[in-house]
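Trainee: What follows is a single structure, and I will ask about it in a moment.
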């Protein structure tokens, strides 16, 4: 079965974006390490599908570059109908049912890009198999949280940690599921 992996960055106070959705704080030159991509290239080799909410999709489109995942199958979850684009298929039906079925299909792992509401829905449904979370050493004070209000309590176990000289701390986590 394919794994659903939430690969994401958050501020020290647990926000994945500013209140208006901007992620400019992730691009601060202070955090640049020449030749370091924090595992992104290796991670991208393990996936062939992305999932994101409609608000996250709009942020991705607003980054001022061409669509960043043209070689992947990309699904955007929305409450309203949208026509498919060259790279994106929109999903308006039950997200948990859709993801359960997707995980059963043949292929590589699936990247849950976010955002907060989709992260929470799939966490609460027990569909997230792994979280790769990179903490950025900045406090935003307010913003869009990693998980939206209503997230169920979930015990996690840390399977790996990586510290970077710019202050980033990356955690690999897996849900503790009762056997």
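Trainee: Can you tell me which residue among 92, 96 is in contact with a helix residue (DSSP H, G or I) (Cβ under 8 Å, 6 or more places away or on another chain), surrounded by 12 or more Cβ atoms within 10 Å (Cβ to Cβ) and in contact (Cβ under 8 Å) with a residue 12 or more places away in the chain?
Mentor: Details: 92 fails: in contact with a helix residue (DSSP H, G or I) (Cβ under 8 Å, 6 or more places away or on another chain).
Only one candidate passes the filter, namely 96.
Trainee: So how many residues does segment 139-157 have that are assigned to a loop (DSSP other than H, G, I, E, B) and either under 13 Å from the mean Cα position of the chain (by Cα) or surrounded by 18 or more Cβ atoms within 10 Å (Cβ to Cβ) (or both)? Please lay out each step first, then the result.
Mentor: Restricting attention to segment 139-157, the residues satisfying the condition of being assigned to a loop (DSSP other than H, G, I, E, B) are 139-143, 146-155.
So of that shortlist, the ones also either under 13 Å from the mean Cα position of the chain (by Cα) or surrounded by 18 or more Cβ atoms within 10 Å (Cβ to Cβ) (or both) come out as 140, 143, 146-147.
Matching residues across segment 139-157 total 4.
Trainee: Next question, about the same structure. Report yes if residue 1 is touching a residue at least 60 places away in the same chain (Cβ under 8 Å), in contact with a helix residue (DSSP H, G or I) (Cβ under 9 Å, 6 or more places away or on another chain), assigned to a loop (DSSP other than H, G, I, E, B) and under 26 Å from residue 129 (Cβ atoms), otherwise no. Reasoning before the result, please.
Mentor: Numbers: touching a residue at least 60 places away in the same chain (Cβ under 8 Å): yes; in contact with a helix residue (DSSP H, G or I) (Cβ under 9 Å, 6 or more places away or on another chain): yes; assigned to a loop (DSSP other than H, G, I, E, B): yes; under 26 Å from residue 129 (Cβ atoms): yes.
It is true that residue 1 is touching a residue at least 60 places away in the same chain (Cβ under 8 Å), in contact with a helix residue (DSSP H, G or I) (Cβ under 9 Å, 6 or more places away or on another chain), assigned to a loop (DSSP other than H, G, I, E, B) and under 26 Å from residue 129 (Cβ atoms).
Trainee: Sticking with this one: Could you say which residue among 23, 5 is farther than 19 Å from residue 143 by Cβ and in contact with a strand residue (DSSP E or B) (Cβ under 7 Å, 6 or more places away or on another chain)?
Mentor: On the way: 23 fails: farther than 19 Å from residue 143 by Cβ.
Step by step, each of 23, 5 is checked, and only 5 is farther than 19 Å from residue 143 by Cβ and in contact with a strand residue (DSSP E or B) (Cβ under 7 Å, 6 or more places away or on another chain).
Matching residues to (1) under 14 Å from the mean Cα position of the chain (by Cα); (2) not in a loop (DSSP other than H, G, I, E, B):
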{"residue": "50", "(1), (2)": "yes, yes"}
{"residue": "69", "(1), (2)": "yes, no"}
{"residue": "79", "(1), (2)": "no, no"}
{"residue": "84", "(1), (2)": "no, no"}
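Trainee: Would you mind finding the one in 21, 64, 35 that is modelled with pLDDT under 95, more than 25 Å from residue 91 (Cα to Cα) and assigned to a loop (DSSP other than H, G, I, E, B)?
Mentor: On the way: 21 fails: more than 25 Å from residue 91 (Cα to Cα); 64 fails: more than 25 Å from residue 91 (Cα to Cα).
From the options 21, 64, 35, the qualifying one is 35.
Trainee: Mind listing whichever residues of segment 38-48 are in contact (Cβ under 8 Å) with a residue 40 or more places away in the chain and part of a loop (DSSP other than H, G, I, E, B)?
Mentor: Residues satisfying the conditions are 38, 39, 46.
Trainee: Which one of these is in contact with a strand residue (DSSP E or B) (Cβ under 6 Å, 6 or more places away or on another chain) and over 24 Å from residue 70 (Cα atoms): 136, 128, 113, 132? Full working, then the answer.
Mentor: Details: 128 fails: over 24 Å from residue 70 (Cα atoms); 113 fails: over 24 Å from residue 70 (Cα atoms); 132 fails: over 24 Å from residue 70 (Cα atoms).
Of 136, 128, 113, 132, the one residue that is in contact with a strand residue (DSSP E or B) (Cβ under 6 Å, 6 or more places away or on another chain) and over 24 Å from residue 70 (Cα atoms) is 136.
Trainee: Shifting gears a bit: With the structure loaded, tell me whether residue 58 is surrounded by fewer than 18 Cβ atoms within 10 Å (Cβ to Cβ), part of a helix (DSSP H, G or I), in contact (Cβ under 8 Å) with a residue 24 or more places away in the chain and under 16 Å from the mean Cα position of the chain (by Cα) or whether it fails that test.
Mentor: Values: surrounded by fewer than 18 Cβ atoms within 10 Å (Cβ to Cβ): yes; part of a helix (DSSP H, G or I): yes; in contact (Cβ under 8 Å) with a residue 24 or more places away in the chain: yes; under 16 Å from the mean Cα position of the chain (by Cα): yes.
Judged against the criteria, residue 58 is a match.
Trainee: Can you name every residue in segment 100-138 that is in contact (Cβ under 8 Å) with a residue 40 or more places away in the chain, under 21 Å from residue 20 (Cα atoms), out of contact with any helix residue (DSSP H, G or I) (no Cβ under 9 Å at 6 or more places or on another chain) and in a helix (DSSP H, G or I)?
Mentor: 119
Trainee: Right, next: Name, by its number, the condition in (1) in contact with a strand residue (DSSP E or B) (Cβ under 9 Å, 6 or more places away or on another chain); (2) over 26 Å from residue 174 (Cα atoms) that does not hold for residue 63.
Mentor: (1)
The values are calculated or read from the model by the stated rules, or taken from the named source; none is laboratory data. Because the structure is predicted, anything quoted here is derived from the model rather than measured. Positions of Cβ are generated from backbone atoms using ideal geometry, with glycine treated the same way; all protein chains shown enter the neighbour counts.
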